[in-house]
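Heads up: the structure comes next, in structure tokens.
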Amino acid sequence: GAVVSQHPSWVICKSGTSVKIECRSLDFQATTMFWYRQFPKQSLMLMATSNEGSKATYEQGVEKDKFLINHASLTLSTLTVTSAHPEDSSFYICSARHGSDSNQPQHFGDGTRLSIL
Amino acid sequence: GQSLEQPSEVTAVEGAIVQINCTYQTSGFYGLSWYQQHDGGAPTFLSYNALDGLEETGRFSSFLSRSDSYGYLLLQELQMKDSASYFCAVNGDDKIIFGKGTRLHILP
């Protein structure tokens, strides 16, 4: 089946550091990728929709200058958490979908656990 | 607004059958998905219903009634490894909206 690779799986860094997370679709071209955030024992919250070759669409309340998304190719999207602070500590998960058809399921990466000290 | 409702917790016995219900209210609907998530892991895709009816995949089945805005996930022959959180999710206009998840506890 479709495989989505997310890297790194764990990040621990100091407050003020910027952190980049990569999301790759390994065996299919993903026109659209999604970035989620999940706090312990809570649901997945969609942060933004990343479309190849265009600007990301951010959900209400998500700071686009804080969470920079780049989708430069059909197999790679990156999320950069700029000047991270302890409140940014969370589980970040990306997903990818075949094409632009909303009637397709998403395939998730394994997630990145971010801890800001 | 958009919302999905599912029970927060369900407890069942090993070997039994359990049903997790999901009702939704969303703008734009293409289908209902179910995902499983173990503690510390990422969600894994279980099933997808675009049309009314029952979809069966091994021990797991999923049902959808679009007219009732309702679906369920049925897990049969429960095993201890099925202890996890289960999320229903609606494929809406250009994105997927997740429910808050149901924590499934399985007793030996």
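The values are calculated or read from the model by the stated rules, or taken from the named source; none is laboratory data. Predicted model, so just to flag it, every value in this text is computed and none were measured. Methodologically, a virtual Cβ is constructed for each residue, glycine included, from the backbone with ideal geometry; neighbour enumeration extends over all protein chains shown. In case anyone asks, the SASA skips ligands and DNA or RNA and just uses the protein heavy atoms, side chains included. Shrake-Rupley method; radii C 1.70, N 1.55, O 1.52, S 1.80 Å.
Of B:A50, B:A16, B:A89, which has the largest mean-square fluctuation in a 10 Å C-alpha GNM of chain B?
B:A16
What residues qualify as long-range amide H neighbours of B:E14, i.e. H under 5 Å apart, gap of 5 or more or another chain, H built at 1.01 Å from N?
B:L107
Give me the dipole magnitude in Debye, nearest 20, for region A:64-117 about the Cα centre, with unit charges on the beta carbon: positive for Lys and Arg, negative for Asp and Glu. Can you show the working numbers first?
On the way: 4 positive and 5 negative charges, 10 e Å.
Here region A:64-117 has a charge dipole of around 40 debye.
Whose amide H sits under 5 Å from the amide H of A:A84, counting only residues 5 or more places off or on another chain, with H placed in the peptide plane?
The list, which skips near neighbours in sequence, is A:G16, A:T17, A:S18, A:V19.
Can you pull the mean other chain C-beta count within 10 Å for peptide B:39-46?
Values: counts 2, 3, 5, 15, 11, 3, 7, 1.
Whole-number average of other-chain Cβ neighbours for B:39-46 is 6.
Kindly tabulate the residues in region A:39-59 with an accessible-area decrease of at least 20 Å² between the chain alone and the assembly of all protein chains, using a probe of 1.4 Å.
A:S43, A:L44, A:L46, A:E59
Over both sides of the A-B contact, add up the buried accessible area with a 1.4 Å probe and give it to the nearest 100 Å². Numbers along the way, then the final one.
Values: alone 6470 and 5840 Å², together 10760 Å².
It comes to approximately 1500 Å² buried between A and B.
Straight-line reach from A:K41: which lysines have a Cα under 20 Å away, not including same-chain ones fewer than 8 places off?
List returned: B:K81, B:K100.
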